[in-house]
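Participant: Below you'll find the structure I mean.
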Amino acid sequence: KDVAVLVPAAGMGLRLGGGTPKALRELAGEPLLVHACRRLAQAPSVAMIVIAAPPAEVEAVRAMVPAATVVPGGATRQLSVAAALAAVPETIEVVLVHDAARALAPAELVEAVAAAVRSGREAVVPALPVVDTIKRVDTGECVLETVDRAPLRVIQTPQGFRRVTLVRAHEHAVDEHTDDAGMVERLGHQVHCVPGSDLALKITRPLDLLIAESLLAAHPL
Ligand code: CTP
Ligand code: MG
């Protein structure tokens, strides 16, 4: 066990709606965060889970996931990850970042990402091919071109890093990135893709909760 997993879980879930922070929204009677952490804890490499919780819910989250370290999250995902990263001891060399909203990501994916970092990759992301036709449009919604989708990937979490690389990326972060690998790319490091998983879908809109219910029924844990 040599891996720390940071779990940004402090978002409001505005696109999902419902008025509760998304990580605390329930799927089959349990918060998304609990589903996510159960799968992380099942991965043999995981030594430590650090959750960035909605600041008002820190105590509630501690009770929900007693084995995790819980810190208050920040105003953006990036700040939440930085807060969690600060709680990781320097003895840990491999750090993964995993969205609470990807509640059904399997332990096998965690292991695959961790293994790639351990084998020497600086940064590792799960990736899936793009299935839809992609077009670029102008501000008036007129199509400018159809983009070749063959070299495009949909990127998921958990994303894995050497701890020092992620720390440096956060120190040098100038603008807001939607994922951690983006900050590492900006530093000029190579980011390596491993095969993603349909189970790692990000629960973002109401439709995603319905999909996740079906996926959970087929892949209980
Ligand atoms: N997140 C976080 N801190 C924030 C914003 C987001 O820890 N200030 C986390 C979310 O809890 C989620 C992950 O980052 O697990 C991915 O973000 P997203 O899916 O965008 O979740 P929300 O920001 O909660 O949703 P929305 O953007 O619809 O409000
Ligand atoms: Mg968000």
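Participant: Mind counting the residues in the range 164-221 that are touching a helix residue (DSSP H, G or I) at 6+ places or on another chain (Cβ under 7 Å), farther than 26 Å from P106 by Cβ and of a type in the set (D, E, K, R)?
Facilitator: The number of residues fulfilling the criteria is 1.
Participant: Moving on. With T69, T76 as the choices, which residue is touching an Asp or Glu at 6+ places or on another chain (Cβ under 9 Å) and not small (G, A, S)?
Facilitator: Only one candidate passes the filter, namely T76.
Participant: Among the listed residues R25, R15, which satisfies the condition of being touching a Gly at 6+ places or on another chain (Cβ under 8 Å), among the charged types (D, E, K, R) and either more than 16 Å from ligand 2 (Cβ to nearest atom) or in contact (Cβ under 8 Å) with a residue 60 or more places away in the chain (or both)?
Facilitator: On inspection, the qualifying residue turns out to be R25.
Participant: Another question about this same structure. How many residues, within the range 190-215, are within 16 Å of ligand 1 (Cβ to nearest atom), assigned to a helix (DSSP H, G or I) and either among the hydrophobic types (A, V, I, L, M, F, W, C) or in contact with a Ser or Thr (Cβ under 6 Å, 6 or more places away or on another chain) (or both)?
Facilitator: 6
Participant: Filter the strands (runs of 3 or more DSSP E) completely within the range 129-189 down to those with at least 3 residues that are farther than 17 Å from V81 by Cβ, charged (D, E, K, R) and at pLDDT 95 or above.
Facilitator: By residue number, no strands (runs of 3 or more DSSP E) qualify.
Participant: Among the numbered conditions (1) farther than 28 Å from G188 by Cα; (2) crowded, with 16+ Cβ neighbours inside 10 Å, tell me where P158 comes up short.
Facilitator: Only one criterion is unmet by P158, namely (1).
The values are calculated or read from the model by the stated rules, or taken from the named source; none is laboratory data. Model, not experiment: these values are computed from the prediction. When we count neighbours, we look across all protein chains shown, and the Cβ atoms used for this are built from the backbone with ideal geometry, even at glycine.
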